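Just so it is clear, none of the values below were taken in a lab; they were calculated from the coordinates. Predicted model, so just to flag it, every value in this text is computed and none were measured. Note that we place each Cβ from the backbone using ideal geometry, even for glycine, and neighbour counts take in every protein chain shown.
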Amino acid sequence: APMPFEVIKKAIEMFPGVMFINAFGQTETASTITTLGPEDHVITGTDEEKAKKLKRLQSSIGRPMDDVEVKIVDDDGKELPIGEVGEILARGPRVMSGYWKDAEKTAKALTPDGWLRTSDKGYMDDEGYIYLAGRGDDMIIRGGENISPEEVENVLYAYPKVDEAAVIAVSDPDWGQEPKAIVVLKKGETATPEEIMEFCRQKLSSFKRPRYVAFIDELPRTSTGKVLKRVLREQYGEPKNG
């Protein structure tokens, strides 16, 4: 999952002179396959260059490492042009040769020519930077429009009262799916669903803003800190507030 923009922005401000690296990968790739390097965390240059770096900090996972190939493909495995969202595939010596004694699972994860299907959605810009758009099963499809949970989560993290946030899809009879925000408020803060939705309305396209909000004490996470969206869908997957 990408580092929330407000978190890395605050870290850069609190630790001037520290060189940050944002790394992306998974167990099947022996950890890192792309990085957003120290130079990407230093916001200097022309106004255009600063704007470009700020955008990268918000959602980019950087560029592939020297020994890794990365491409973005559609559902049929066809490589997509710059800017189009598809599945991120990776190939190289860092990528596993297969799952131990599980040929069926290996065949699903690896293409015949060795590309790993990461199940992560994203796109690449014209300078080779890759941007996450969510896990394949986390993407929200509202009326045929794809909504990246990460984009909505970054907006939620910018609200002063919000400590943590996650966005999931809930069913809707008219639009298919709608975004629902699961929010952990900062200690001592109170808020209403309408307040959270209004803040998002000001920052997002109308179809992307959450239609429902649930407040909880803590986000469920794995031992490595990843938010368990599956658990959130099971517990808060109803199209209602709370």
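Stretching the chain fully between Glu79 and Val42 yields a gain of 10.1 nm (0.36 nm per residue, less the alpha carbon separation). When peptides 6-14, 165-173, 34-42 are ranked by their average number of other Cβ atoms within 10 Å per residue, the highest-first order is 165-173, 34-42, 6-14.
For the chain, the relative contact order comes to 13 percent (Cα pairs under 8 Å, sequence separation of at least 6). So if we plug the beta-carbon distance of Thr190 and Asp113 into 1/(1 + (r/R0)^6) with R0 = 51 Å, what FRET efficiency do we get, rounded to 0.05? The pair Thr190/Asp113 has a calculated efficiency of 0.40. Averaging the sequence gap over all C-alpha pairs within less than 8 Å and six or more residues apart, then dividing by the number of residues, gives the range 40-139 a relative contact order of 27 percent. Partners of Lys78 within straight-line reach, counting lysines whose Cα lies under 20 Å from its Cα and excluding those fewer than 8 residues away in the same chain: Lys108, Lys121.
Counting Lys and Arg as +1 and Asp and Glu as -1 over every other residue whose Cβ lies under 12 Å from the Cβ of Thr222, the net charge comes to +4. Peptides 204-215, 224-235 ranked from most to least packed give 204-215, 224-235, packing being the mean of other C-beta atoms within 10 angstrom over each peptide's residues.
With kT/(6 pi eta Rh) evaluated at 10 °C and eta = 1.306 mPa s, and Rh the Kirkwood radius from Cα pairs, the range 8-108 diffuses with a coefficient of 100 µm²/s according to Stokes-Einstein. Helix content alone sets the calculated 222 nm mean residue ellipticity of the chain: runs of n ≥ 4 DSSP H residues at -39500 (n - 2.57) each, divided across all residues, give -7000 deg cm²/dmol.
Rounded to 0.05, the FRET efficiency of the Ile216 and Lys240 pair, given R0 = 22 Å and the Cβ-Cβ distance, is 0.95.
Placing a label point 7 Å from the Cα of Phe15 along the Cα-to-Cβ direction, the residues of the range 21-41 whose backbone N falls under 11 Å of that point are 21-22. Structure remark: mean-square fluctuation, Gaussian network model of the chain, C-alpha springs under 10 Å; the largest value among Ser223, Ser59, Ser97 belongs to Ser223.
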